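Here the structure is laid out as structure tokens; the discussion comes afterwards.
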Amino acid sequence: MSSRGRIPIIGVMGSGKKVHGDLAKELGAWIAEAGYNLLTGGGEGEMKAVSESFFNVEDRAGRVIGIIPGDASGGSYSRRLHYPNPFVEIPIFTHLPQTGYAGMQMGSRNHINILSSDIVVALPGTKGTSAEVCLAIRYGRPVIALLGNRFKIPGLPPEVQVAQTVEEVAAWIETLTPKPLPTSCRLKNVSPPAEILTPDF
């Protein structure tokens, strides 16, 4: 899943306007405690909620990465109001303005959101979130939707697995990431047998 020494990135996609229950809060804390980096679109709503929860976990290894929309079409650069949210630790400023219904267009930062994530978790949202799920499928990123028992993502492709709880998401992610070597297989501080040290030629 990842190169040696690199902390995997879990991209969390969801509504930029609404927070749906405690799903984002529970997911953000779990991602931080599990030792991953978090990537979002850097805005409000679910993005802010998951980032705040992640940010507030003490002694975490990962960081909050935000991919920020912007506009350079007028010859100067401007970014959207309320971006990045105050919990983004590593903002990546883009010149890509399209969001929402235009989320699959080449002028959308959604492509960067997905391509920069090792794993994608979709929280409740609308057309922008659905576009990110479709891009995850297009680019071959593992993707799961965390919707609880009463929320939805309009247009969610039927092949995407749906989880009701963070525990289900965690179990799914565990099937994707390499496991550490068991203690019995780790290199120990012992000398190799003499027959290995003495060449047989």
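Only the coordinates and a few stated rules stand behind these numbers; no lab work does. Worth saying up front: this structure is predicted, and the values here are computed from it rather than measured. Cβ placement follows ideal geometry from the backbone for every residue including glycine, while neighbour counts extend to all protein chains displayed.
Angle check, please: helix 45-55 long axis (alpha carbons) against the longest principal axis of the chain (alpha carbons), in degrees 0 to 90, nearest 10.
30 degrees
For the chain, set up a GNM with springs between Cα atoms under 10 Å and report which of 52, 132, 33 has the largest fluctuation.
Answer for the Gaussian network model of the chain: 33.
Quote to one decimal, in nm, the extra length available between residue 102 and residue 150 on full extension: 0.36 nm per residue of separation minus the C-alpha distance between them.
Details: separation 48, 0.36 × 48 = 17.28 nm, distance 2.61 nm.
Value of the extension gain: 14.7 nm.
No solvent, one uniform scatterer per C-alpha: report log10 I(q)/I(0) for the range 15-103 via the Debye equation at q = 0.12, 0.21, 0.26 1/Å, two decimals.
-0.37, -0.94, -1.24
What is the dipole size for the range 96-158, taken about its Cα centre, with +1 at each Lys and Arg Cβ and -1 at each Asp and Glu Cβ, in debye to the nearest 20? Don't skip to the answer; put the middle values down first.
Details: 6 positive and 2 negative charges, 30 e Å.
The calculated dipole for the range 96-158 is roughly 140 debye.
Calculate, in nm to one decimal, what residue 17 and residue 162 gain on full extension: separation in residues at 0.36 nm each, minus their alpha carbon distance.
Values: separation 145, 0.36 × 145 = 52.20 nm, distance 2.16 nm.
Once the chain is fully extended between residue 17 and residue 162, it gains 50.0 nm.
How large is the dipole of the chain about the Cα centre if only Lys and Arg carry +1 and Asp and Glu carry -1, each at its Cβ, rounded to the nearest 20 debye?
Details: 19 positive and 18 negative charges, 109 e Å.
Its charge dipole is roughly 520 debye.
Find the lysine pairs in the range 9-197 meeting two conditions, Cα atoms under 12 Å apart and a separation of 8 or more places or different chains, and report how many there are.
The number of close lysine pairs in the range 9-197 is 4.
So what's the Cα pair-distance distribution over the range 106-170, bin width 5 Å, in %?
Cα pair-distance distribution for the range 106-170, in percent: 4, 19, 31, 25, 16, 4, 1.
On a 0 to 90° scale, report how tilted helix 127-138 is relative to the longest principal axis of the chain, with both axes built from alpha carbons and the result rounded to the nearest 10.
40 degrees
Mind checking which of 156, 146, 39 is farthest towards the positive end of the range 9-197's charge dipole, using Cβ charges of +1 (Lys, Arg) and -1 (Asp, Glu) about the Cα centre?
156
Per the Kirkwood treatment, what hydrodynamic radius in Å, one decimal, follows for the range 21-160 from the mean inverse distance over all distinct Cα pairs? Please list the in-between numbers first.
Working: mean 1/r = 0.0658 Å⁻¹.
One over the average 1/r among Cα pairs gives 15.2 Å for the range 21-160.
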